Amino acid sequence: MESVSYSVQIFPSIHIPVPLDAVYRRLGYKGGITRIDDQRREEMERHIEYAAFLVRLKGAGLRVTLERVEPPLIVLGTGAEIRSAKLAGFLKGCGEILCIGSTAGDAVIDAIRSDVEGEDMTRGVVVDAVASEMTDAALDWIEGFFNRLLARENARLTKGRFSAGYGDFLLENQRLMYDMLELDRIGVTINKNCILMPEKSVTAVVGIHA
(Lines give C-alpha, C1' and ligand atoms only; values in the text may rest on other atoms or scores of the structure.)
Protein backbone atom coordinates (compact mmCIF):
# COMPACT_ATOMS: atom_id res chain seq x y z
CA MET A 1 0.00 0.00 0.00
CA GLU A 2 1.34 3.45 -0.89
CA SER A 3 2.26 5.50 2.16
CA VAL A 4 0.09 8.58 2.64
CA SER A 5 0.77 11.38 5.09
CA TYR A 6 -2.20 12.56 7.12
CA SER A 7 -2.13 15.81 9.05
CA VAL A 8 -4.38 16.53 12.02
CA GLN A 9 -6.03 19.95 12.12
CA ILE A 10 -5.90 21.21 15.71
CA PHE A 11 -8.34 23.86 16.92
CA PRO A 12 -6.74 25.25 20.11
CA SER A 13 -9.66 27.54 20.89
CA ILE A 14 -13.24 27.27 19.63
CA HIS A 15 -15.58 30.16 20.38
CA ILE A 16 -19.28 29.47 19.98
CA PRO A 17 -22.41 30.66 21.78
CA VAL A 18 -24.14 28.44 24.28
CA PRO A 19 -26.82 26.38 22.45
CA LEU A 20 -29.53 27.48 24.86
CA ASP A 21 -32.40 25.49 23.37
CA ALA A 22 -30.36 22.28 23.56
CA VAL A 23 -29.31 23.03 27.14
CA TYR A 24 -32.90 23.59 28.26
CA ARG A 25 -34.03 20.41 26.46
CA ARG A 26 -31.30 18.44 28.23
CA LEU A 27 -32.56 19.84 31.51
CA GLY A 28 -36.08 18.65 30.71
CA TYR A 29 -37.67 21.93 29.65
CA LYS A 30 -39.87 21.82 26.57
CA GLY A 31 -40.26 24.98 24.51
CA GLY A 32 -43.80 26.29 24.51
CA ILE A 33 -44.84 23.73 27.12
CA THR A 34 -42.73 24.12 30.25
CA ARG A 35 -43.22 27.45 32.00
CA ILE A 36 -40.36 29.03 33.96
CA ASP A 37 -41.03 31.89 36.36
CA ASP A 38 -38.80 34.98 36.28
CA GLN A 39 -36.87 34.08 39.42
CA ARG A 40 -36.12 30.58 38.17
CA ARG A 41 -35.11 31.87 34.74
CA GLU A 42 -32.72 34.41 36.26
CA GLU A 43 -31.14 31.66 38.36
CA MET A 44 -30.75 29.42 35.30
CA GLU A 45 -29.21 32.23 33.28
CA ARG A 46 -26.66 32.89 36.02
CA HIS A 47 -25.68 29.23 36.10
CA ILE A 48 -25.44 29.06 32.30
CA GLU A 49 -23.28 32.19 32.17
CA TYR A 50 -21.03 30.71 34.89
CA ALA A 51 -20.69 27.46 32.94
CA ALA A 52 -19.92 29.23 29.66
CA PHE A 53 -17.13 31.16 31.41
CA LEU A 54 -15.54 27.89 32.52
CA VAL A 55 -15.80 25.95 29.26
CA ARG A 56 -12.63 26.03 27.17
CA LEU A 57 -13.46 24.31 23.91
CA LYS A 58 -10.71 22.73 21.86
CA GLY A 59 -10.91 20.29 18.98
CA ALA A 60 -9.25 18.27 16.27
CA GLY A 61 -10.12 16.97 12.82
CA LEU A 62 -8.53 14.53 10.41
CA ARG A 63 -9.48 13.46 6.89
CA VAL A 64 -8.58 9.83 6.11
CA THR A 65 -9.16 7.89 2.91
CA LEU A 66 -11.16 4.67 2.94
CA GLU A 67 -9.01 1.96 1.41
CA ARG A 68 -11.70 -0.71 1.53
CA VAL A 69 -15.18 -1.22 2.97
CA GLU A 70 -16.33 -4.83 3.07
CA PRO A 71 -18.85 -5.04 5.93
CA PRO A 72 -18.11 -5.44 8.70
CA LEU A 73 -14.48 -4.65 7.79
CA ILE A 74 -13.37 -1.07 7.18
CA VAL A 75 -9.77 -0.51 6.13
CA LEU A 76 -8.45 3.03 6.41
CA GLY A 77 -5.76 4.61 4.30
CA THR A 78 -3.55 4.63 7.40
CA GLY A 79 -3.67 0.82 7.42
CA ALA A 80 -5.87 0.73 10.52
CA GLU A 81 -8.86 -1.61 10.51
CA ILE A 82 -12.27 -1.20 12.10
CA ARG A 83 -14.93 -3.88 12.36
CA SER A 84 -18.44 -2.50 12.48
CA ALA A 85 -21.27 -3.44 10.13
CA LYS A 86 -23.30 -0.39 11.25
CA LEU A 87 -20.45 2.03 10.63
CA ALA A 88 -19.72 0.37 7.27
CA GLY A 89 -23.35 0.90 6.28
CA PHE A 90 -23.19 4.51 7.44
CA LEU A 91 -20.15 5.06 5.20
CA LYS A 92 -21.69 3.53 2.07
CA GLY A 93 -20.65 5.51 -0.99
CA CYS A 94 -17.94 7.46 0.85
CA GLY A 95 -14.33 7.63 -0.29
CA GLU A 96 -13.07 9.30 2.86
CA ILE A 97 -13.96 9.81 6.48
CA LEU A 98 -13.57 12.77 8.76
CA CYS A 99 -12.55 11.95 12.32
CA ILE A 100 -13.36 14.71 14.79
CA GLY A 101 -12.97 15.29 18.49
CA SER A 102 -13.66 18.03 21.02
CA THR A 103 -13.28 18.73 24.71
CA ALA A 104 -14.69 21.26 27.17
CA GLY A 105 -11.52 21.26 29.27
CA ASP A 106 -10.71 20.56 32.91
CA ALA A 107 -12.01 23.70 34.63
CA VAL A 108 -15.68 23.04 33.98
CA ILE A 109 -15.33 19.41 35.11
CA ASP A 110 -13.73 20.53 38.38
CA ALA A 111 -16.61 22.97 38.91
CA ILE A 112 -19.24 20.29 38.26
CA ARG A 113 -17.57 17.93 40.69
CA SER A 114 -17.29 20.65 43.32
CA ASP A 115 -20.95 21.62 43.01
CA VAL A 116 -22.27 18.06 43.00
CA GLU A 117 -20.15 17.07 46.00
CA GLY A 118 -20.96 20.34 47.78
CA GLU A 119 -24.20 22.15 48.41
CA ASP A 120 -25.08 23.46 44.96
CA MET A 121 -26.43 20.42 43.17
CA THR A 122 -28.75 22.57 41.04
CA ARG A 123 -25.91 24.63 39.61
CA GLY A 124 -23.87 21.47 39.08
CA VAL A 125 -26.62 19.93 36.96
CA VAL A 126 -26.95 23.06 34.83
CA VAL A 127 -23.18 23.39 34.35
CA ASP A 128 -23.03 19.70 33.36
CA ALA A 129 -25.74 20.26 30.73
CA VAL A 130 -23.99 23.32 29.32
CA ALA A 131 -20.65 21.51 29.12
CA SER A 132 -22.23 18.52 27.35
CA GLU A 133 -24.11 20.59 24.80
CA MET A 134 -21.19 22.92 24.10
CA THR A 135 -18.89 19.95 23.52
CA ASP A 136 -21.36 18.54 20.99
CA ALA A 137 -21.79 21.98 19.42
CA ALA A 138 -18.02 22.15 19.00
CA LEU A 139 -18.23 19.03 16.83
CA ASP A 140 -20.87 20.83 14.74
CA TRP A 141 -18.48 23.78 14.41
CA ILE A 142 -15.64 21.51 13.27
CA GLU A 143 -17.93 19.85 10.72
CA GLY A 144 -18.85 23.30 9.43
CA PHE A 145 -15.18 24.20 9.07
CA PHE A 146 -14.46 21.10 6.98
CA ASN A 147 -17.69 21.40 4.98
CA ARG A 148 -16.58 24.83 3.78
CA LEU A 149 -13.28 23.32 2.60
CA LEU A 150 -15.02 20.35 1.00
CA ALA A 151 -17.38 22.61 -0.93
CA ARG A 152 -14.37 23.75 -2.98
CA GLU A 153 -13.89 20.10 -3.99
CA ASN A 154 -17.58 19.55 -4.74
CA ALA A 155 -17.68 17.19 -1.77
CA ARG A 156 -19.70 17.19 1.44
CA LEU A 157 -20.07 15.49 4.78
CA THR A 158 -22.74 12.93 5.51
CA LYS A 159 -25.59 13.93 7.76
CA GLY A 160 -25.15 12.67 11.29
CA ARG A 161 -22.06 11.18 12.87
CA PHE A 162 -21.00 7.90 14.45
CA SER A 163 -19.21 7.58 17.79
CA ALA A 164 -17.30 4.71 19.38
CA GLY A 165 -19.56 2.84 21.78
CA TYR A 166 -22.62 3.11 19.53
CA GLY A 167 -24.00 -0.15 18.16
CA ASP A 168 -21.26 -2.52 17.06
CA PHE A 169 -18.71 0.31 16.73
CA LEU A 170 -17.19 -0.84 20.00
CA LEU A 171 -15.85 1.53 22.63
CA GLU A 172 -12.39 0.00 22.23
CA ASN A 173 -12.19 1.93 18.95
CA GLN A 174 -11.93 5.09 21.04
CA ARG A 175 -8.20 4.41 21.40
CA LEU A 176 -7.79 4.41 17.62
CA MET A 177 -9.68 7.70 17.42
CA TYR A 178 -7.59 9.12 20.25
CA ASP A 179 -4.33 8.21 18.55
CA MET A 180 -5.33 9.34 15.06
CA LEU A 181 -6.62 12.70 16.31
CA GLU A 182 -3.60 13.22 18.59
CA LEU A 183 -5.96 14.31 21.34
CA ASP A 184 -3.10 14.60 23.80
CA ARG A 185 -2.34 17.87 21.98
CA ILE A 186 -5.59 19.38 23.30
CA GLY A 187 -5.19 18.09 26.84
CA VAL A 188 -7.23 14.90 26.56
CA THR A 189 -6.10 11.56 27.98
CA ILE A 190 -7.57 8.06 27.69
CA ASN A 191 -7.69 5.40 30.40
CA LYS A 192 -7.39 1.63 30.23
CA ASN A 193 -11.17 1.34 29.77
CA CYS A 194 -11.01 3.61 26.69
CA ILE A 195 -12.76 6.46 28.48
CA LEU A 196 -11.65 9.96 27.51
CA MET A 197 -10.71 12.46 30.18
CA PRO A 198 -11.73 15.20 30.94
CA GLU A 199 -15.20 13.73 31.02
CA LYS A 200 -16.71 16.19 28.53
CA SER A 201 -14.55 14.96 25.64
CA VAL A 202 -16.01 13.25 22.58
CA THR A 203 -15.02 11.86 19.19
CA ALA A 204 -16.98 10.92 16.11
CA VAL A 205 -16.68 9.68 12.53
CA VAL A 206 -18.36 11.45 9.63
CA GLY A 207 -18.41 10.23 6.03
CA ILE A 208 -17.25 12.33 3.09
CA HIS A 209 -19.18 12.11 -0.20
CA ALA A 210 -17.47 13.29 -3.38
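With each pseudo-label sitting 7 Å past Cα toward Cβ, what's the residue 50-residue 156 distance in nm, one decimal?
Modelled inter-label distance: 4.3 nm.
What does the net charge come to around residue 44 if you take all other residues with beta carbon closer than 15 Å to its beta carbon, with K and R at +1 and D and E at -1?
Local net charge: -3.
Of 49, 199, 143, which is the most mobile in a GNM of the chain whose springs link Cα atoms less than 10 angstrom apart?
Of the options given, 49 has the highest mean-square fluctuation.
For residue 86, go through the aspartates and glutamates and keep the ones whose alpha-carbon is under 13 Å away, minus same-chain ones fewer than eight residues off.
Those aspartates and glutamates meeting the cut-off are 70, 168.
Roughly how many Å² is the accessible area per residue of the chain, as a whole number, for a 1.4 Å probe?
54
Calculate, axis by axis, the spread of Cα positions in the chain along the three principal axes, and write the results as whole Å, longest axis first.
Largest first, the chain extends 62, 37, 30 Å along its Cα principal axes.
At a threshold of 8 angstrom on Cα-Cα distance, excluding pairs fewer than six apart, so keeping six or more, what relative contact order does the chain reach in percent?
27
Count neighbours as other Cβ atoms within 10 Å of each site's Cβ, and list the trypsin sites (Lys or Arg not before Pro) in segment 130-210 that are DSSP loop with at most 12 such neighbours.
152, 159, 192
Measuring from label point to label point, each 7 Å out along Cα→Cβ, what is the residue 6 to residue 81 span in nm?
A separation of 1.6 nm, rounded to one decimal place.
So if a site counts as exposed when it's one of the chymotrypsin sites (Phe, Trp or Tyr not before Pro), its DSSP state isn't H, G, I, E or B, and it has at most 16 other Cβ atoms within 10 Å, what's the longest stretch of the chain without one?
Between the exposed loop sites, the longest stretch runs 30-210.
At what distance in nm do the modelled label points of residue 70 and residue 30 sit from each other, each positioned 7 Å from its Cα along Cα→Cβ?
Placing both labels 7 Å beyond Cα along the Cβ direction yields 4.9 nm.
Carbon and sulfur atoms: what percent of the 1.4 Å accessible area of the chain do they account for?
Accessible surface attributable to carbon and sulfur in the chain totals 48 percent.
Which of the lysines could be linked to residue 200 by a straight reach, that is with a Cα gap under 19 Å, when you skip same-chain ones fewer than 8 residues away?
The qualifying lysines are 58, 192.
Provide the gained length on full extension for the span residue 166 to residue 92, in nm with one decimal, where the gain is 0.36 nm per separating residue minus the Cα-Cα distance.
Length gained, residue 166 through residue 92: 24.9 nm.
³J(HN,Hα) across segment 115-127 via Karplus (A = 6.51, B = -1.76, C = 1.60, θ = phi - 60°), whole Hz, x for Gly/Pro?
5, 5, 7, x, 10, 10, 4, 4, 5, x, 5, 5, 4
The values are calculated or read from the model by the stated rules, or taken from the named source; none is laboratory data. Since we're looking at a predicted model, the values are computed, not measured. Note that each Cβ is placed from the backbone with ideal geometry, even for glycine, and that neighbours are counted across all protein chains shown. In case anyone asks, the SASA skips ligands and DNA or RNA and just uses the protein heavy atoms, side chains included. Shrake-Rupley method; radii C 1.70, N 1.55, O 1.52, S 1.80 Å.
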